[in-house]
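The values are calculated or read from the model by the stated rules, or taken from the named source; none is laboratory data. A quick note: this is a predicted structure, and the numbers were derived from the prediction, not measured. Here the Cβ positions follow ideal geometry from the backbone for every residue, glycine too, while neighbour counts run over all protein chains shown. When the accessible area is computed, the model is the full protein with side chains, heavy atoms only, and any ligands, DNA or RNA have been set aside. Shrake-Rupley method; radii C 1.70, N 1.55, O 1.52, S 1.80 Å.
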Amino acid sequence: MMPQTEPADTALTAPLKVPRHVAIIMDGNGRWARERGLPRLAGHRAGTKNIRRIVEACVEHGVEVLTLYAFSTENWQRPDDEVRGLMELLAEVIDTETDELRERGAQVRHIGNLEALAPSLQERIRHAVASTSHNTRLILNVAFNYGGRAEILQAVRRMLADRVDPASVDERTFASYLYTDLLPDPDLIIRTAGELRLSNFLLWQAAYAEYYSTSTLWPDFGREDFAQALLEYGQRQRRFGRV
Ligand code: IPE
Ligand code: IPE
Ligand code: MG
């Protein structure tokens, strides 16, 4: 692998290093609702409202890629009405947020299994992706119906279908078959609501990510909390296996 080196002027221009790619496991919507005696879906709705301020914070801090874990391949096992509500909420968020995201300079992408979603939702996602594809300020990667193991399996299937020569398969080739092809690996993975697990998120890409967990529930996770996570990241020493 290529050695990773910091640009020589980093210390002069930026007192703390900023992660290029931040990935967030947006957890705790259900608990947020329960604390208020509200239905779980009210928590999900409050959670979606939070996306805008975190996107803004990313733009301000100069983060290049933000990946948000919104629905996992395991979340289909939730009660039917919650799954239906989450699908409707995504459609609604696309309708209300795409213009704003486009104006902010965000390029929307989707990672996960799109084909398993309702055709109308697929259409909305494709439209949001196409209508922001020219933007370069921030890549907003939405992981919806995403699972790390499913992603690895689809990569293997596609490589076999392409009759890739086994001897030629290196890390770079493999990564190019993942949904995150050409994106840098996440530098920082934030999980809200206190759980200390990955829950099938970016299994391959997270190999050398820094982890940050906070007990704050996702709907309450604001600009200050995000800044705190970046501050802590800036103080971490990443060694990538070296001394
Ligand atoms: C995260 O919040 C949103 C999704 C997984 C879709 P949860 O719904 O998991 O919230 P908790 O964990 O029950 O509090
Ligand atoms: C992870 O949260 C998935 C998303 C945030 C979309 P979960 O709430 O589904 O994870 P577990 O079940 O606690 O591991
Ligand atoms: Mg949860």
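A few points about this structure:
- Electrostatic dipole magnitude of the chain [Cβ: Lys, Arg +1; Asp, Glu -1; Cα centre; debye, to 20]: 300 debye
- The range 14-130: C-alpha gyration tensor shape, a/c 1.5 cut-off, then a/b vs b/c: oblate
- In plain terms, the chain from R84 to E195 could stretch by 37.5 nm, reckoned as 0.36 nm per residue minus the Cα-Cα distance.
- Signed unit charges on C-beta, dipole axis of the chain, positive-most listed residue V55, L89, F240: F240
- Maximal additional length on extending the R242-R52 stretch stands at 64.6 nm, based on 0.36 nm per residue less the C-alpha distance.
- Lys/Arg +1, Asp/Glu -1 at C-beta; the range 21-235 dipole; positive extreme among N145, Y208, Y177: N145
- Segment E100-V164, extension gain: residue separation times 0.36 nm, minus the distance between their alpha carbons: 18.9 nm
- Accessible area of the chain belonging to carbon and sulfur atoms, whole % at 1.4 Å probe: 52 percent
- Residue of S215, S168, S72 that the Gaussian network model of the chain assigns the largest fluctuation, springs spanning Cα pairs under 10 Å: S168
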